[in-house]
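First the structure, in the form of structure tokens, and then the observations on it.
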Amino acid sequence: MFMPGGGQRHQIYDHDGDWGSVFWQGSAKLGTCLQEIEQAESRLDILRVLVAIVLEDIKVGGYGFADEAYDIVLTQTTAVEKVEIVTWVEAELVKVGSGDDFSSKWRLEAYGRFLLSLQADMLNDEETIQLCRRIGQLQALVERLLQVGRVDEAVVDAKKASDYELLALADLFLAHGQATIAEGLIWERAGTSKDTRLDGWLKTQAIASGDWRKAIQYAENQFWPRPNLEQYQEVKSIAQKLGDWPERQKAMLLRLTQKEDYRLLTQIHLLENDVAAALTTVPMARYNDALAIEVARAAEDSHPHDSICLYRQHAERLIAARGRGNYAQAAALLVRVKALYKKLQEPEAWQQYIQSIRDQKPRLPALLQELKGAGL
């Protein structure tokens with residue numbers, strides 16, 4: 001266990017949470033002692049242990065075993081004690097340095113949050129701002145600048161943020177009544193970034209304000225890098241507000257065809273109840289087994305022979321893959337095939353087909369058992 005000022009550090013694997021429980025219970029008992037002790041040096045001895053638990057949790061990546069200790073340090077200490085604790089944390093902060101790796105950055109931010117919490121009631125606005133800049137607490141920095149009306153400075157600092165950080169900072173500007181600035185920050189970054197979440201943020205704001213022209217632009221910007229059915233539906237919803245959905249849909253389907261995204265095209269055809277189109281695109285879709293079954297179900301009433309063909313193809317692939325589980329799935333599909341042949345009044349075709357399955361070489365006893373169990 002690491003102690004401020006020295007000591008040995010051991011790596012602990014706590015898969016079952018046993019060590020975490022020890023830290024939580026031990027911290028709580030130390031907190032109880034702290035409430036009863038007035039002598040300054042004894043209190044500092046207890047606080048050294050509690051702070052050591054917090055710092056160790058930060059060093060190993062924030063597993064949460066220091067939550068109880070963290071709360072005690074912040075709520076049961078005097079102003080004088082907090083000043084002393086700050087020196088301990090600052091010493092650890094120096095050791096982290098200014099590394100660019102993720103681990104160093106995370107620890108730096110965690111130490112910074114701890115320092116800010118410890119000094120929340122000690123520092124004036126300017127001191128807080130300077131501390132935030134020094135320890136890289138960008139969100140806290142921008143929030144304090146906005147609170148004191150230094151909007152221009154907040155914008156300058158916000159522009160230094162990563163794409164992910166900027167999204168949270170934009171929400172801060174919104175919360176402080178600076179919607180135009182927030183949108184400008186995101187719009188400027190979206191022009192140079194590949195992060196589609198920026199367009200998503202702009203789209204959300206455009207929808208909230210009823211600006212459907214902007215909303216459709218941002219929705220399509222978000223859709224095309226990684227087209228999916230959910231975002232297709234969102235584009236559709238916005239385009240219907242504008243009244244140009246038929247034309248826009250036609251252009252989208254053409255572009256998806258050019259991209260050979262037959263899987264999404266098939267999903268869209270199913271969504272739009274265009275079974276004939278889905279039957280055309282599903283054979284060209286990659287990894288289409290589950291999707292083909294979905295199309296087969298949708299086609300049972302309007303295109304029963306196509307439905308039978310899809311069921312049979314999938315059942316035969318399952319049988320070729322062998323295994324009791326595959327045979328059971330194949331039998332379930334063949335039950336659907338039998339029902340469709342019956343509905344079409346084509347019993348001979350069914351009998352010929354199922355007999356060919358039974359007579360295939362090599363004979364598969366487990367398959368025959370599954371067929372018999374399914375009434376086939």
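The values are calculated or read from the model by the stated rules, or taken from the named source; none is laboratory data. Computed from a predicted structure; not experimentally measured. Neighbour counts run over all protein chains shown; Cβ positions are idealised from the backbone, glycine included.
Taking ALA339 as the residue in question, decide whether it is out of contact with any His (no Cβ under 7 Å at 6 or more places or on another chain) and surrounded by fewer than 17 Cβ atoms within 10 Å (Cβ to Cβ).
Considered against the rule, which asks whether it is out of contact with any His (no Cβ under 7 Å at 6 or more places or on another chain) and surrounded by fewer than 17 Cβ atoms within 10 Å (Cβ to Cβ), ALA339 comes out as yes.
Give me the residue from segment 1-24 that is acidic (Asp, Glu) and not in a helix (DSSP H, G or I) and, out of that set, modelled with the highest pLDDT.
Residue satisfying both the conditions and the ranking: ASP16.
Which one is nearest to the chain's Cα centre (by Cα), of the residues in segment 32-43 that are assigned to a helix (DSSP H, G or I) and surrounded by fewer than 17 Cβ atoms within 10 Å (Cβ to Cβ)?
Among those residues, the one meeting the criterion is THR32.
Of these, TYR232, TYR287, which one is of a type in the set (Phe, Trp, Tyr) and in a helix (DSSP H, G or I)?
So the residue among TYR232, TYR287 that is of a type in the set (Phe, Trp, Tyr) and in a helix (DSSP H, G or I) is TYR232.
Can you tell me which residue among ARG358, ARG286, ARG363, ARG336 is under 37 Å from the mean Cα position of the chain (by Cα) and of a type in the set (Lys, Arg)?
Numbers: ARG358 fails: under 37 Å from the mean Cα position of the chain (by Cα); ARG363 fails: under 37 Å from the mean Cα position of the chain (by Cα); ARG336 fails: under 37 Å from the mean Cα position of the chain (by Cα).
None of the other options fit; the residue is ARG286.
Among the listed residues GLU68, GLU92, GLU81, GLU126, which satisfies the condition of being more than 28 Å from GLN25 (Cβ to Cβ) and either surrounded by 18 or more Cβ atoms within 10 Å (Cβ to Cβ) or among the charged types (D, E, K, R) (or both)?
GLU126
Kindly list the number of the only condition in (1) among the acidic types (Asp, Glu); (2) surrounded by 17 or more Cβ atoms within 10 Å (Cβ to Cβ); (3) at pLDDT below 95 that fails for ASP211.
ASP211 satisfies all of (1) among the acidic types (Asp, Glu); (2) surrounded by 17 or more Cβ atoms within 10 Å (Cβ to Cβ); (3) at pLDDT below 95 except (2).
Among the listed residues SER42, SER27, identify the single one that is farther than 24 Å from ALA120 by Cβ and either modelled with pLDDT of 90 or more or not basic (Lys, Arg) (or both). Give the steps one after another, and end with the answer.
On the way: SER27 fails: farther than 24 Å from ALA120 by Cβ.
Selected residue: SER42, the only one of SER42, SER27 that is farther than 24 Å from ALA120 by Cβ and either modelled with pLDDT of 90 or more or not basic (Lys, Arg) (or both).
With closer than 28 Å to LEU185 by Cβ, under 28 Å from the mean Cα position of the chain (by Cα), modelled with pLDDT of 90 or more and surrounded by 13 or more Cβ atoms within 10 Å (Cβ to Cβ) as the only criterion, which of LEU115, LEU146, LEU108, LEU141 stands out?
LEU141
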